[in-house]
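Okay, so here's the structure we're looking at.
The values are calculated or read from the model by the stated rules, or taken from the named source; none is laboratory data. As the structure is a prediction and not an experimental result, all values here were calculated from the model. Virtual Cβ from ideal backbone geometry, glycine too; neighbours counted across all protein chains shown. We work out accessible area using only protein heavy atoms, side chains counted, and drop any ligands, DNA or RNA first. Shrake-Rupley method; radii C 1.70, N 1.55, O 1.52, S 1.80 Å.
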Amino acid sequence: QVQLVESGGGLVQAGGSLRLSCLASGRTFSSSGMGWFRQVPGKEREVVAAINWTGGSAYYADSTKGRFTISRDNAKNTVHLQMNSLKPEDTAVYYCAARGSIGTRVYLVQADYDYWGQGTQVTVSS
């Protein structure tokens, strides 16, 4: 019912910036939270940032606080992740996620989400 497409990944040097975007199509997603997750081979997918339905509340993983910013534009069905001061340990495939049911909170775990994008590779070189 909902399709998510990520874009904006790429190769950057340490200290650089990238802006990831997620475009949602299908039914509207403005009634619930969305999130960004990342995964590297051999590790579990982990939450990077999450945002509630209005964009008024957000969560950031400790490793990204002060460097990453999540935002959403419900009128355009988009979610963004601005990543600054990138580090090699930020290298991963980044996924956009959306809930399929109404909810007002910030959701932090994979099981809270019903729809996922294909992922976009972020590689940070030193």
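Data for the structure
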quantity: Selected residue (criterion: farthest from Thr120 (Cα to Cα)) from residues of the stretch 65-94 that are surrounded by fewer than 14 Cβ atoms within 10 Å (Cβ to Cβ) and modelled with pLDDT under 95; calculated: Ala75
quantity: Every pair of residues 6+ apart whose Cβ atoms lie under 8 Å, when the first sits in the stretch 105-126 and is within 25 Å of Gly56 (Cα to Cα) while the second is open to solvent by 70 Å² or more (accessible area, probe 1.4 Å) and of a type outside the set (Phe, Trp, Tyr); calculated: Tyr115/Gln1; Tyr115/Gln3; Gly117/Val5
quantity: The stretch 52-63 - residue that is touching a strand residue (DSSP E or B) at 6+ places or on another chain (Cβ under 6 Å) and among the hydroxyl-bearing types (Ser, Thr, Tyr) and, of those, nearest to Thr104 (Cα to Cα); calculated: Tyr59
quantity: Residues being open to solvent by less than 60 Å² (accessible area, probe 1.4 Å) and farther than 15 Å from Thr64 by Cβ - total across the stretch 96-122; calculated: 14
quantity: Candidate set from the stretch 48-92 (those that are in contact (Cβ under 8 Å) with a residue 60 or more places away in the chain and not polar (S, T, N, Q)); member that is nearest to Ser30 (Cα to Cα); calculated: His80
quantity: Test: residue in the stretch 45-60 that is among the acidic types (Asp, Glu), open to solvent by 30 Å² or more (accessible area, probe 1.4 Å) and under 11 Å from the mean Cα position of the chain (by Cα); calculated: yes
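Conditions (1) closer than 23 Å to Ala75 by Cα; (2) modelled with pLDDT under 95; (3) out of contact with any Gly (no Cβ under 8 Å at 6 or more places or on another chain); (4) surrounded by 13 or more Cβ atoms within 10 Å (Cβ to Cβ), marked per residue:
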| position | (1), (2), (3), (4) |
| --- | --- |
| Glu6 | yes, no, no, yes |
| Ala14 | no, no, yes, yes |
| Gly26 | yes, yes, yes, no |
| Ser30 | yes, yes, yes, yes |
| Arg38 | no, no, yes, yes |
